């Protein structure tokens, strides 16, 4: 189950995944890994003894743009103009470039595994990955199978006669790792974070958010969705007329769920992520759906209770169990079985799903080559297993120690910043430092790898293999319920170009694949590394003190550790950051398309705090080597190079449809705005580039945001 409270540095899932709540088995396409030509080996920032190397190509800077007016343009405009978005992508930038390079490395690994699968030790990770990839690349077998792999599920749905049958069907479907209507999995108890409990959450929608069902401005998307549903049904033999009727039923059904669902901004509130109830009380919310029977079917023992996280949604679910006609339930379940399976069935299903989710909603002209899509399925099904092979090939053990030094330096800068705050009381500062003391940084890859011995994968059925992995991973997740929380477990694979913070275990996590240029370069000067990976480290640590993270203590419990006065001061400061981003209109020719400052607040706080903390860490490093402080490289001072690399990290462009979709769904602000948002609040930036008051990159004193 995807943990809603993980705080990643950047959006790193494929469009289809981020949109289809019911697409539980679609492979994660997280920007996965490192360059195919250079190992992702982390190292310490360059010291004074090392000759600084030019690792920032200043010829890419657009000297015709004033850095004080448009810093993103100054740093990135030339690169963006010279690097159009590939036809099989909806965006292209630093993260995506690393992901593209990494696919070649992973491709080599899975191709070798596939070629040697038959000779590999029986049941080995190499054999399972090889068979999984091999089965996905066997297009002839997949085409021949058509939709045969899902016929048993479609037959079961056809046999349903009433709401009680639907409830029984859902019990069995979940037990097979096939999640419908809502999501279910383990998570740390918000009140006793050292233990794992069961969580059920809203899901079940095929469109991105509730607004896509209810807002007139999304009428065209709803029309296209109806056509997609109808075609999906027709591909399984449903007549055109009946498919159209069923599509109408599906949209009407999902619209009722949408009315009871939370919007993305509401989902960010921890109060909406946790609602602990006993099984008996949960059954009162859903009298037509027995949670006792559900948990028994999953083989899960629930002791005192579980989190029925969005009661309003589940009340509507129960209402539909009692009142929706059985043929409407059948249409809904039938479509979602097809939708979930489409990427693993014959070409017609794959093309239909691509045409709606990627082309229509996000503007992607072409599908990715098949090998990339299948590799995505390998990552989604056996990501950590592939990560072990990736680490063995690409990441040296000593890299952890080298990266740890940077983490320590940035964390120390954060501690000093908290201690020196002029707006926070000593009482709250003490609690903040107590939380800081319990941060657990995790670097590169897990200390202990998962055991995959219970998963059976063969060379033949692609869909069968994906579903076997789905059940295996589902069982692995729900087996944690009732057990102690393992802070050393990872929520990302090592080959993911990203990082994250988790408030319920207070960990900051840096996968191996992000420890490479432009984020980190062992041969670079301190300014480059602190402006890159240093700011990433600061970003994740600052999430511990953003609008959500600040509601959790060092043990991971959702408790208030603030005085009332300090919280009011914090909220006043964050309100200014909300307004700053509300004012941005990032899409050319779309002046009404604003960033949602509330939705993106957590990430914007983390950017602002992270960049300030990383800057402080750089100054501490330069104090140790004062001869470096005034040294220029390629004509730029350390302070300037620090900000130049920060902006370079966020270089990129996005197709208009994808950009609009992100504004509605993504808790991260557009990358072009992340390049300028935090620096425009920092006096250090204005000083570094000698910007005058009134410049676009120098926010007025009354609007300048200072939090951490």
Tally up the residues in segment 174-206 that are over 17 Å from residue 491 (Cα atoms) and either assigned to a loop (DSSP other than H, G, I, E, B) or without any contact (Cβ under 8 Å) to a residue 12 or more places away in the chain (or both), please. 13
Using the structure shown, decide if residue 404 is under 30 Å from residue 338 (Cβ atoms), surrounded by fewer than 21 Cβ atoms within 10 Å (Cβ to Cβ) and under 26 Å from the mean Cα position of the chain (by Cα). no
Enumerated helices (runs of 4 or more DSSP H) restricted to segment 523-591, each holding at least 2 residues that are in contact (Cβ under 8 Å) with a residue 40 or more places away in the chain and closer than 30 Å to residue 274 by Cα: 535-543, 564-582
Extreme residue, surrounded by the fewest Cβ atoms within 10 Å (Cβ to Cβ), among residues of segment 359-377 that are within 26 Å of residue 151 (Cα to Cα) and under 21 Å from the mean Cα position of the chain (by Cα): 373
Restrict the check to segment 635-651 and report whether at least one residue is outside any helix (DSSP H, G or I), touching a residue at least 40 places away in the same chain (Cβ under 8 Å) and closer than 27 Å to residue 587 by Cα. yes
Lone qualifier among 74, 95 - being touching a strand residue (DSSP E or B) at 6+ places or on another chain (Cβ under 8 Å), in the same structural domain as residue 519 (by TED's automatic domain parsing), touching a residue at least 12 places away in the same chain (Cβ under 8 Å) and in a helix (DSSP H, G or I): 95
Within segment 606-628, is there a residue that is touching a residue at least 60 places away in the same chain (Cβ under 8 Å), in a loop (DSSP other than H, G, I, E, B) and surrounded by 19 or more Cβ atoms within 10 Å (Cβ to Cβ)? no
Name, by its number, the condition in (1) closer than 30 Å to residue 483 by Cα; (2) surrounded by fewer than 18 Cβ atoms within 10 Å (Cβ to Cβ) that does not hold for residue 189. (2)
Among 282, 341, which is the only one that is crowded, with 17+ Cβ neighbours inside 10 Å and farther than 21 Å from residue 199 by Cα? 341
Filter result for the condition that a residue is more than 21 Å from residue 183 (Cα to Cα), part of a helix (DSSP H, G or I) and touching a residue at least 12 places away in the same chain (Cβ under 8 Å), over 314, 354: 354
I'd like to know if segment 518-539 contains one or more residues that are under 23 Å from the mean Cα position of the chain (by Cα), within 22 Å of residue 270 (Cα to Cα) and surrounded by 19 or more Cβ atoms within 10 Å (Cβ to Cβ). yes
By residue number, the members of segment 359-397 that are in a loop (DSSP other than H, G, I, E, B) and free of Cβ contacts under 8 Å to residues at least 24 places away in the same chain are 397
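The values are calculated or read from the model by the stated rules, or taken from the named source; none is laboratory data. Because the structure is predicted, anything quoted here is derived from the model rather than measured. Don't worry about glycine lacking a Cβ; one is built from the backbone with ideal geometry, like all the others, and counts go over all protein chains shown.
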